[in-house]
Every structure is written in C-alpha cells, then in structure tokens.
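Here the structure comes first, spelled out in structure tokens, and everything after it is commentary.
The values are calculated or read from the model by the stated rules, or taken from the named source; none is laboratory data. Please read these numbers as outputs of a predicted model, since none were measured by experiment. Using ideal geometry, Cβ is built from the backbone for each residue, glycine included, and neighbour counts are taken over all protein chains shown. All accessible areas refer to the heavy atoms of the entire protein, side chains included, with ligands and DNA or RNA removed. Shrake-Rupley method; radii C 1.70, N 1.55, O 1.52, S 1.80 Å.
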Amino acid sequence: MFSVDRQSFQSLSALALFTFAFLGSEFFFDSRIGLLISAEGVVGAQAMILGASVVGFLAYALMAKVAGGRRALRAVEAVGAIAALVTIAATESALAMQIAGCIAFFLLGSLGAEAHWSMARTFEGSPSLAKGAGAAYAAGILLQFLSNQFVPAGIADAAVLCVGVAALAVFAAAGERDGESASQAAADSSQQSAPGGAKTAIRAVWLLALVVLLACMFSTLDNVVTLANAQGSISVETWPRLFLAASGLAAGMLFDIRERRYMGFIMFAVTVLSTISILAVEAGASPVIGLIVFYLSSGFFVTFFTTTFLQLAPRMRTPQLWAGMGRAANNLCAFTVSGVSMMLTQSGIAAVMIASLILFVLVSVAFVGAGLFRLPSTVREREAIQAGLAAAAAPTPEEVQAEFISRSGLTPREEEVLRAVTADERPLKQVADDLGISLRMVQRHLTNIYSKTDTQTRAGLTRAFFGK
C-alpha cells in the first residue's frame, strides 16, 4: 500500500495507540461512572472529559515550549494519565472519578496532540498521508475491538489501557531526532515549509468551521441510530465497529488519489449520503440504513479531518498546535452540542429534517469557503507553474547587458565599441569606419574592454555580454 520506514512506523503506531487509548478510556470511564450516577449524569460527565481533552490538545504547544520537548514531559503525561485511570478503576466516589477523568483526558489530549504532530512532521509532503491517517485510525479501532472482545471489564481493562498509554508516550517521540527538542523541530519545520499568510489562516478557520459542522451532522446521525437502538428497532453490537476500521482504510486509499486532488469532493459525497440517510430514516426507512451509513461515513470523517490538519499544520506559525486541531474541534463539538443534538432528535421528525437540511447548507458553504471544491495542482502542474514564474522573473536581455556594462565600469565610448563588435562578425576596420574613428582607436578601446571585463577574445566578450 505504501512503504513504511522506522520513523513512519513509530508515528503511525503513536496515532493508532492514541485512538485506542482515547476511545477505550472514554468507554471505560462511561462504564465506571455509570455505576454511580444516572444515565443523564453520564452524558454530562462524558462531556466534561471531552472538554478536558480539548484543553489538553490546545495546551500541548505551550507545554512543549515551556518544557523544551524533553522526554520528561511525556513521562509526566503518561504517569499522570495512568494514575488517573487507576483512580477511575479503584474509587467509588463519583466526584473523585469525574476529577480523575478530567485529568486523564487532559493528559491524553496533550499526548494526542504530540502524536498528531509527530505524524505531521514525519509525513510532511508525503503522497501517502491520508493512507497513513486511515491506517492508524483503523489499527486503533481494531485494538479497541479486540480489547472489548477478549479483555474482562474492570482491573484487566484498566491495565490494558495503561499499557496503551505508556506505549503511546514512547512512540509519540518519533517526530524528534536524537538531541532535538520539540520546539526545535517546530522551528525547523517552519523554516522548511514557510508559514502561510492571511489566505492560509482564513482557510484554517473555514476548515475548523467545516469540521464542527460535520461533527454536528454525524452527531445527529449517531443520535438517530442511538434512538432507534433504545426503542428496540435495531440492535447495535460491538462488531459493526469494524466498519469504522474498513471505512478508515477505504477513505485513506480514495483520498490519496492523485495527491488528494479529489479529497474534498469525496468527503462532500459522503456528507450528501449521510444527509439523505438521516432524512430517509426520519421519513420511515429502516434504521439499519442509518446504522450502516453512520459507521461507514464516520471512518471517512475521521480520516478527512485528521489528514486535512496534518497537511495544513506545517504551513501554520504554530504547527504543533494545528496538527491535532481536527480531533480537538471534533471533541469540542461532542462536548458542546451532543446534548442539544439528542434533544433535537427527540423533538420530532420535522425538526430533525429541517435541522439536517440547514446543516447541509452550512456545510456546503464551509466546503466552498475552505477551497475544497478547487482542484489542487499536481506535481507536474506545480513544476510548470514554477518554471513559468522563474522565466517571468528572469532578467531581459537588455537588463543583462545593462548590468554587464555597469559592473564593468565602461565609458560611453567603450560601450559604443562593445555593442558594435558584439553585434556581428564585421572586421574591426569596418567597425572603425561605421563609428567614424580610426582602427587604432577601436583596438585601444577593445583592449581596455577586455581588461575591464576579464575576457580575452571577441567571441568570449560576446558570450559574456549576452549572458550566454
């Protein structure tokens, strides 16, 4: 599918382990606190930990700068997250569990930001970026599936998650070379890929808006499926999550076609399909349609926002902050609008259909604003553009000659002789006659010209004068 060296493998592993540790810890937290509080309380508690993860994502760049990107930072993050997970497993206090959950997810958010930064740095300019993002997501989902299937709930589940967090901290260091700090790596990346200007910043804002809107749309689809499951219309088991892994892999393969030229169009088609499925289920179609579309489209969505911000980050002034911004925006939406989305889903068919159509219109505007409907240039096209720009920037023959005369310090008469002897191959006698001076004078001027221009023959002088 694509070649993987040691550093690429480490970066992919870090992103996969983050997906596993984050989703697994979220499920573990919900299961544990659900034994102590009501179902409505679990929704609020989950929103709190997701909000803490967003803060962790946003704080990573500052923390890495302050700590110099030393391995000690990752060690503190890993030890803190593991201690918080152990607390969640051991405590019987809902308050202590909520506090431990927020600490764990703040640190997981920071580790996740580092994993995304490692991926962005390692795969910068790679034609296989989307494949890597899709493969890492699929691997994380498979790890979570295997853990749910074969690891008993409780202490064993917590132990596996702790091992995953420790491995994440180890593999997340792939973006740093030996002796190089994370802050130095960010500076090097900014020098290699010059930060974009106002247009890049505007595009980043549009992309953030797009991710938030898409997250709202997929949250609505998820709630439609969840409501049908609660009503007994369908049974949502663990195995359909394998569709997430399959769709992540498929998205990576499709997005990378011709250097991700069609990634925006493909994601928009998935958005259209998701909107239609919401409307169809609300209109009376089988909820199984919504279930299938949700799992298949969710993998495309995660791979899309991961790839989009991984390739955008190196062009931003704080690349460490932006590498994981897609995941942060998705978590922020889950933190802020999941409850509203569920209330809307329960408000009636008309409300859901109207809201879905409004969301679709807003998403379409965001696609346009982010420039995802413009086909980016290929490598060959970019080379042709660069060649054209270089040719346009090249000095004209007249500019080359004027610079040659100025640099050589020729007098007006020497310039006149220079132009005459380099215009063609006329004998010097004819050049003297045409200029109205003696042959001896032409020869004297020519000798001075040779000396000033560091040339020795008339042919060499002609080549130097015309810049050949």
Each label sits 7 Å from Cα toward the beta-carbon; between V272 and T457 the label points are separated, in nm, by 6.9
Applied in sequence order to segment 290-295, the curve 6.51 cos²θ - 1.76 cosθ + 1.60 (Karplus, θ = phi - 60°) yields integer Hz couplings, x standing for Gly and Pro, of x, 4, 5, 5, 4, 5
When the accessible area of segment 415-468 is split by element with a 1.4 Å probe, what percent falls to carbon and sulfur?
-> 47
Along Cα→Cβ, 7 Å out, is where each label goes; now give me the distance between the ones at R407 and T318 in nm to one decimal.
-> 4.6
Hey, any idea what % of segment 22-133's accessible area is carbon plus sulfur with a 1.4 Å probe?
-> 72
Determine the gain in length on full extension of the stretch S126-L242; use 0.36 nm per residue of separation and subtract their C-alpha separation, reporting nm with one decimal.
-> 39.0 nm
Note: V361 to L35 extended length (0.36 nm per residue) minus current alpha-carbon separation gives 113.3 nm
Find out how many positive minus negative residues lie around S25, taking Lys and Arg as positive, Asp and Glu as negative, among other residues whose Cβ is under 15 Å from that of S25.
-> -2
Quickly rank 94-101, 14-21 as a protection proxy: mean count of other C-beta atoms within 10 Å, highest first.
-> 14-21, 94-101
If R0 is 35 Å, what FRET efficiency do you get for V151 and I292 from their C-beta distance, rounded to 0.05?
-> 0.80
Checking rank on 364-371, 114-121, 414-421, with mean other Cβ inside 10 Å and highest first, the result is 114-121, 414-421, 364-371
